[in-house]
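The values are calculated or read from the model by the stated rules, or taken from the named source; none is laboratory data. Nothing here was measured: the structure is a model prediction, and the numbers come from that model. Note: ideal-geometry Cβ built from the backbone for every residue, glycine included; neighbour counts use all protein chains shown. When the accessible area is computed, the model is the full protein with side chains, heavy atoms only, and any ligands, DNA or RNA have been set aside. Shrake-Rupley method; radii C 1.70, N 1.55, O 1.52, S 1.80 Å.
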Amino acid sequence: MKSLEAKPQHNNVRSRSELKAFQQKMLGMLYRPLSPDWKSRKKTDEGISVVKIAEGLIKPNDRLTSFERLEIYNRCYWFRVLDSLYDDFPGLLALLGNRKFLKLITAYLIRYPSESFTLRNLGSRLESFLCEEPEYASPLQEIALDMVRFEWAQIIAFDEIAREPISPKDIQKRDPEKLRIGLQPYLALLELNHAVDRYLIAVKNQEFDGLRKEASNTSNAAPEGKNHRRRLSLPKRERVWLAVHRYDNMLYYKRLEPAAFTLLKELGKGTPLEMACGKAIKRDGSAKQKGVLKADAFQEKLQGWFAEWSSLRWLTLPSPKK
Amino acid sequence: MPANEFNGFTDYGIGIGLRVPHYRHILAEKPLVDWFEIISENFMVEGGRPLEVLDQILEQYRVVQHGVAMYFGSADRLNREHLKRLKRLVKRTKTPWLSDHLCWGSVDGRYTHDLLPMPYTFAAAKVTADRIRQARDYLEVPICVENVSSYAEYHASEMTEWEFLSEVVEAADCGILMDVNNIYVSSENHGFDPYEYLNNIPHHRVGQIHIAGHSKFEKYTLDTHDHPVLDPVWKMYAHLLKKTGPTATLLEWDDSIPSFEEVHREALKANLFHKAKTPAASSGATR
């Protein structure tokens, strides 16, 4: 391993391509995961000395070595991104516990580093990652998946675009066979296998500050000490049909009847109103009694749902086709 | 030079950063504040509470946009989607100028969400200046670039930080957002004289100033924005004002944020220094 001991080569930046290569090298160093005691690791996975790489990039000063100066940025990167996911997924953190959660999100960020200018989108691929690597949440992978979907839906509901709600004149005298109704982009419809909504309420009752921290230039604290909560009972296994939405810019989630969920899902897919209602009626248990379809009862329910969804401003004109 | 082409020929005084813990107080009490600085990226969303609050603020106050993710120093091409969103926000806020940092933080579409120092080379200055010009031409608003605090210096650098800053802003023909606290922090970390920095930048390009608090650790000083401005920074601020004249100034307080009144009181201390001499009267002043 003589080459590892060689004097480090300094990296020149005399062109755009050299600047790019320099930035790629730095980024690679910053993305390297920290040790369990929140320090920079001194070797890469391939056994290359990070100390030597740092010496090739960064000047030492009278107090810090090149490696230590690089370490400041390496730690800041990880503290910032981990902190962001701690803020965005408190339910998942409570569910898995701090150690497992940290392991999961570290592995996630290694595979899916941020590709967005905003930390808001940092957790956008966590659901996919959990599907790919369920063992990180074992033995709670199913509940964890429900929780991730639920918590990501809240991020969408917080600031996704709102369209003009539909008005009666938009649909008056329209043929229900052809009439299509859209849904607000911020409305998420989730079919879950666990009562993660009730679990999250319990988590937030334990500790909720309701505020998102501003990003300051430098983050110097490890994301720890956030999990001093008492362990809650796990979410109950049950089928839950949930709408996550906002109203007057406050976040809400609301349980739905299966038929109402089906109807909304179909409308969201662009199914014409009459056909969507047909699919919902098939899903509706109360509409069938002794094999006889109780159309009147369902009609009444439908009216109630539409009145409620209109008052919540969930219904819009369908989005124009591209 | 309070009003210049780099701050849209405005004559703003002392502003403070608009932060979430103060929303309720500001909207309810409507305190007298000359202007608010917003973090652009917090409002580059499609809807919801951030934009609702912003619109209410805009009804009452003057707002200037400050970005943290343009990364003028990145070697990549400018992100058109980012620019489009930013332009939508510029139209909404009617910001007279817009600022972001002289740094890099992303490459190949991957982000660090940090403000990383540049290698101070002529090639890097050219790339950076080109990106600033392109952004300004697209956004149609004056741009001021802010010096960042740093904890590392690169072997690749061919000049000092203030020479690099001057090189970039002259080539881009843009303004400077001079963060006095960042100069102090970097001077402590790299062992240079902060007044040499302050004396050797194109003062006529300073469109805005930032002040903030920092924290000293055993081996380095960190730009923490979590407490009042410290004396050495106030002294540097006073020195800079002698060179630039009264200039729009913003106090940054981003962590351990106290009450609105406390932040505002701290910011208004800057007024004491705005009675400093005009640049013409102080042109012979030395440290």
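Structure values in brief
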read-out: Sequence ranges A:73-86, B:28-41, ranked by mean other-Cβ count within 10 angstrom, highest first; value: A:73-86, B:28-41
read-out: At 1.002 mPa s and 20 °C, Stokes diffusion of chain A via Kirkwood alpha-carbon radius, µm² per second; value: 92
read-out: Charge dipole of region A:2-139 about the Cα centre (unit charges at C-beta), most positive-ward option of A:Leu70, A:Leu96, A:Gly28; value: A:Leu70
read-out: Residues with amide H under 5 Å from that of B:Gln208, placed H, sequence gap 5 or more; value: B:Ile176, B:Met178
read-out: Protein-only accessible surface order, largest first, of A:Thr316, A:Thr118 at 1.4 Å; value: A:Thr118, A:Thr316
read-out: Added length on full extension, which subtracts the Cα-Cα distance from 0.36 nm per residue, A:Glu177 to A:Asp62; value: 33.6 nm
read-out: Net +/- balance of residues flanking B:Gln208 in space, Cβ distance below 10 Å, scoring K and R +1, D and E -1; value: -3
read-out: Zone residues, region B:61-84, relative to A:Glu115, backbone N less than 13 Å from point 7 Å out along Cα-to-Cβ; value: none
read-out: Sum of side-chain charges, B:Tyr220 neighbourhood, beta-carbon under 11 Å (Lys, Arg +1; Asp, Glu -1); value: -1
read-out: Overall dimensions of the protein assembly as shown by Cα: Rg and Dmax, Å; value: 27.2, 99
read-out: Peptide-level mean, for A:94-105, of C-beta atoms on other protein chains within 10 Å; value: 0
read-out: Cα-centre dipole for the protein assembly as shown with unit charges at Cβ (Lys and Arg positive, Asp and Glu negative), debye to 20; value: 1720
read-out: Efficiency of FRET between A:Ser311 and B:Asp137 - r from beta-carbon atoms, R0 35 angstrom, step 0.05; value: 0.15
read-out: Share of Cα-Cα pairs in region B:5-273 lying beyond 31 Å, as whole percent; value: 20
read-out: Beta bridges by DSSP in the protein assembly as shown, antiparallel share as percent, to the nearest 5; value: 45
read-out: Helical segments meeting 27 Å axial Cα length and Kyte-Doolittle -0.5 threshold in chain A (DSSP H); value: A:141-159
read-out: Globularity ratio of region A:1-84, using Cα Rg and 2.2 N^0.38 Å; value: 1.13
read-out: For B:Trp253, residues with placed amide H under 5 Å, excluding near neighbours; value: B:Gly17
read-out: Top of A:Arg174, A:Arg163, A:Arg125 by mean-square fluctuation, Gaussian network on chain A, Cα under 10 Å; value: A:Arg174
read-out: Average other protein chain Cβ within 10 Å of Cβ, residues A:71-77; value: 4
read-out: Set A:Lys169/B:Lys84; A:Lys59/B:Lys269; A:Lys100/A:Lys269; B:Lys87/B:Lys126; A:Lys254/B:Lys84; A:Lys173/A:Lys254 screened for pairs whose C-alpha atoms are more than 26 Å apart; value: A:Lys169/B:Lys84; A:Lys59/B:Lys269; A:Lys100/A:Lys269; A:Lys254/B:Lys84; A:Lys173/A:Lys254
read-out: Residue-averaged beta-carbon neighbours from other chains (10 angstrom radius) around A:111-117; value: 6
read-out: Charge dipole magnitude, Cβ of K and R +1, D and E -1 - chain A, Cα centre, debye nearest 20; value: 380
